[in-house]
Amino acid sequence: MKWLDTREIAIALAEKRTPDVDPTTVNFVDLYTWVLALDGFRRRSERRAGEKVLEAIQETWIEEAD
């Protein structure tokens, strides 16, 4: 996975963090850290996450949690 794989990341977060975490309350610092810790995430991806990417991941995670 890379940063632009937002749906795949969101699904992985939903599977790993649900139900103990409400994705609407997660701040971007924690989200960033959790994404880096996911199995299969390429830490040395060509791009770093900006606010828009983190927001897209969080929005998709919220959709997956519903």
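Taking only the C-alpha atoms of the chain, the Rg (one decimal) and the largest Cα-Cα distance, Dmax (whole number), read 10.6, 32 Å. For the options Ala56, Ala12, Ala37, a Gaussian network treatment of the chain with springs between C-alpha atoms closer than 10 Å singles out Ala37 as fluctuating the most. Residue separation of Arg43 and Thr24 scaled by 0.36 nm, minus their Cα-Cα distance, works out to 4.4 nm of gained length.
Here, each number is a calculation from the coordinates, and none is a lab measurement. On a predicted model such as this, the values are computed, not experimentally measured, just so you know.
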